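Presented below is the structure to which this report refers.
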Amino acid sequence: MLATVLSGALVGIDGLLVEVEVDVAFGMPQFTTVGLPEGAVRESKDRVRSAIKNSGYEFPSARKITVNLAPADLKKEGSAYDLPIALGILAAEGWLQKDRLSEYALLGELSLDGRVKSVHGALPLAIMARERQLKGLLVPAENAAEAAVVEGVDVLGVATLSEAFLFLNGDQPLATTAVDLKEIFASHSRYDVDFSDVKGQEHVKRALEVAAAGGHNVLLVGPPGAGKTMLARRLPTILPDLTLPEALEATKVHSVAGLMDGRALVATRPFRSPHHTISDAGMIGGGAIPKPGEVSLAHHGVLFLDELPEFRKNVLEVLRQPLEDAKVTISRAIGSSTYPASIMLVSAMNPCLCGFFGDPQHECHCTPQQVQRYRGKISGPLLDRIDIQVEVPAVKYKELSHREAGEDSAAIRQRVNTARKLQLQRFSGRTLYCNAQMASKDIRKFCHPDSAGEKLLENAMARLGLSARAYTRILKVARTIADLAGEEQVSSAHLAEAIQYRALDRQ
């Protein structure tokens, strides 16, 4: 007999409906899976056989079992097809009624004793079930809260194969999983770090506030121990509040990558800090079956690259396209996958190989050629995409021993939120969300300085030898500084501060 069970596959971060067709017929005993299954799917036959037997049901060992995963031209991966295959076999044998199989999508990995284990991609597949107007989704109990974030579809968590069988057979009801999004944001949207922990470095804190308000990429340059990493790790705490659509997009990426760890939602802005030995595939994603990389895992958050010149040149160069397009497209012979990558790039580096170039307290042992070679590891096109370059000097003892705490992240984030609201109003009806995304025509329209500002910028270009790319970056940053001040006109004071944030250009 033939039975069809609905399940799903992942294409990038989106779910696609898959029909699991199971045919049990007379013939030589055989268990065949077709429809481009990869290793874990082909191995499901052994898990399914043991799970059915150990759950108290009869497995048709003397029959020919054929499982087809349609559409057949789409590569199937993962262990989420175990549960639909097992229930399809029981339905084809006549043990399970087929009435409700067309109303629910099923996914779950089976252990040998019939327990249902968690899988990747529950949230995208729940969105797929809603779009397909299915009544509900049966998922492992560990994934139920994550899938229940999607409204308009019943999410039922199952712990064993028997629970799913009894529910679909109409013998035992299952409670629908429900989550309170407000409660999730309230309880999980907290950070373990705060800007009040940082002693001194007030001008760097100000630069990071400007970066957060305008979505600007940042480069921190300073000697070892100056606090570059400490400051960068606290940047997410002052970024604008994460909205529900942003949280859903970030959760989809983490769900596909299997990084949810029992959470229902990514409620805080991601912070990713890969080691400098990472490969280009690890950075932007890749593999035989493409997986999201660090730039996608940092979607709507911060990608922090510590010791920037130590990263391989090819790894840094592959960042250029994601920084420009806010997405990554990975093409393989089996197809292409697109992952979102709307990030703030925050990087840190020493001023030279030994780390003490320009430090009044330590002697630098690098030759001018070594300094130039060290900084030359970062290409001009990549620096072109970094709006703010700020020097981070060593912290003095007086600042370190100061007992009063500095301004906390909540107060800074309030100013950042106000500035972002002004930008959203300015770009109303456009696909721009912050000043860093402005193109040339937007800069000409929204960043025109007053007469005093024009003179200041002209003198700075001439005396400091600033490039054309530095000119546009200064105008963008000055526009953000004006937004933080609540002023419509970009003035000379805003431009003067923005010019200070071009540390490498000044040198």
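The values are calculated or read from the model by the stated rules, or taken from the named source; none is laboratory data. Keep in mind that what you see is a predicted model, and the values were worked out from it rather than measured. So basically every Cβ, Gly included, is an ideal-geometry build from the backbone, and we count neighbours across all protein chains shown. Please note that ligands, DNA and RNA were not included when accessible areas were found on the heavy atoms of the full protein model with its side chains. Shrake-Rupley method; radii C 1.70, N 1.55, O 1.52, S 1.80 Å.
So which residues in the stretch 462-497 are touching a residue at least 40 places away in the same chain (Cβ under 8 Å), open to solvent by less than 10 Å² (accessible area, probe 1.4 Å) and small (Gly, Ala, Ser)?
Matches in the stretch 462-497: none.
Determine if the stretch 81-100 includes at least one residue that is among the acidic types (Asp, Glu), at pLDDT below 95 and closer than 17 Å to LEU156 by Cβ.
yes
Of the residues in the stretch 207-229, how many are more than 29 Å from LEU353 (Cβ to Cβ) and either among the basic types (Lys, Arg) or assigned to a helix (DSSP H, G or I) (or both)?
Adding up the residues that qualify gives 5.
Kindly indicate the residue of the stretch 413-439 that is at pLDDT 90 or above and of a type in the set (D, E, K, R) and also nearest to ALA213 (Cα to Cα) among those meeting that condition.
Only one residue tops the list, namely ARG420.
For the stretch 444-456, give me each residue that is open to solvent by 40 Å² or more (accessible area, probe 1.4 Å) and either touching a Gly at 6+ places or on another chain (Cβ under 7 Å) or not in a helix (DSSP H, G or I) (or both).
If the condition is that a residue be open to solvent by 40 Å² or more (accessible area, probe 1.4 Å) and either touching a Gly at 6+ places or on another chain (Cβ under 7 Å) or not in a helix (DSSP H, G or I) (or both), then HIS448, ASP450 are the ones that fit.
What tally of residues in the stretch 420-443 results from selecting those that are under 22 Å from LEU323 (Cα atoms) and part of a helix (DSSP H, G or I)?
10
Run ASN459 past the list (1) open to solvent by less than 40 Å² (accessible area, probe 1.4 Å); (2) in a helix (DSSP H, G or I) and report the number of the one that doesn't hold.
(1)
Output the residue which, of all residues in the stretch 360-381 that are loosely packed, with under 10 Cβ neighbours inside 10 Å and not in a loop (DSSP other than H, G, I, E, B), is modelled with the lowest pLDDT.
Out of the qualifying residues, it is GLY380.
Hey, which of the helices (runs of 4 or more DSSP H) in the stretch 114-176, taking only ones fully inside, have at least 3 residues that are in contact (Cβ under 8 Å) with a residue 60 or more places away in the chain, open to solvent by less than 50 Å² (accessible area, probe 1.4 Å) and in contact with a helix residue (DSSP H, G or I) (Cβ under 9 Å, 6 or more places away or on another chain)?
Per the criteria, 122-131, 161-168.
Identify all residues within the stretch 411-435 that are without any contact (Cβ under 8 Å) to a residue 24 or more places away in the chain and surrounded by fewer than 17 Cβ atoms within 10 Å (Cβ to Cβ); write none if there are none.
ALA411, GLN414, LYS421, LEU424, GLN425, SER428, GLY429, ARG430, THR431
Taking VAL34 as meeting all but one of (1) within 24 Å of LEU123 (Cα to Cα); (2) open to solvent by 40 Å² or more (accessible area, probe 1.4 Å), write down the number of the exception.
(1)
Scan the stretch 363-380 and report the pairs whose first residue is more than 19 Å from ALA348 (Cβ to Cβ) and whose second residue is among the hydrophobic types (A, V, I, L, M, F, W, C), with Cβ atoms within less than 6 Å and a gap of 6+ or a chain change.
Matching pairs, first to second residue: HIS365/CYS354; GLN370/LEU353.
Considering only the stretch 480-494, how many residues are in contact with a strand residue (DSSP E or B) (Cβ under 6 Å, 6 or more places away or on another chain) and not β-branched (Val, Ile, Thr)?
Summing the residues that are in contact with a strand residue (DSSP E or B) (Cβ under 6 Å, 6 or more places away or on another chain) and not β-branched (Val, Ile, Thr) in the stretch 480-494 gives 1.
Working carefully through the options ALA40, ALA51, find the one that is among the aliphatic types (A, V, I, L, M), outside any loop (DSSP other than H, G, I, E, B) and at pLDDT below 95.
ALA40
Being open to solvent by less than 60 Å² (accessible area, probe 1.4 Å) and over 13 Å from LEU6 (Cα atoms) is true for just one of GLY56, GLY94, GLY108. Which residue is that?
The unique qualifying residue is GLY94.
Say we look at the stretch 382-407 and pick out the residues that are of a type in the set (A, V, I, L, M, F, W, C) and not in a helix (DSSP H, G or I); which of these is farthest from HIS276 (Cα to Cα)?
Residue satisfying both the conditions and the ranking: ALA405.
Give the stretch 177-200 a look and list any residue that's open to solvent by less than 50 Å² (accessible area, probe 1.4 Å) and in a helix (DSSP H, G or I), or say none.
LEU181, ILE184, PHE185, SER187, PHE195, SER196 - these are the residues of the stretch 177-200 that are open to solvent by less than 50 Å² (accessible area, probe 1.4 Å) and in a helix (DSSP H, G or I).
Within the stretch 267-321, track down each residue that is among the basic types (Lys, Arg) and within 28 Å of ALA145 (Cβ to Cβ).
Result: ARG269, ARG272, LYS291.
On the basis of being open to solvent by 20 Å² or more (accessible area, probe 1.4 Å), within 22 Å of HIS120 (Cα to Cα) and touching a Leu at 6+ places or on another chain (Cβ under 9 Å), does THR4 make the cut?
Against the criterion (open to solvent by 20 Å² or more (accessible area, probe 1.4 Å), within 22 Å of HIS120 (Cα to Cα) and touching a Leu at 6+ places or on another chain (Cβ under 9 Å)), THR4 does not qualify.
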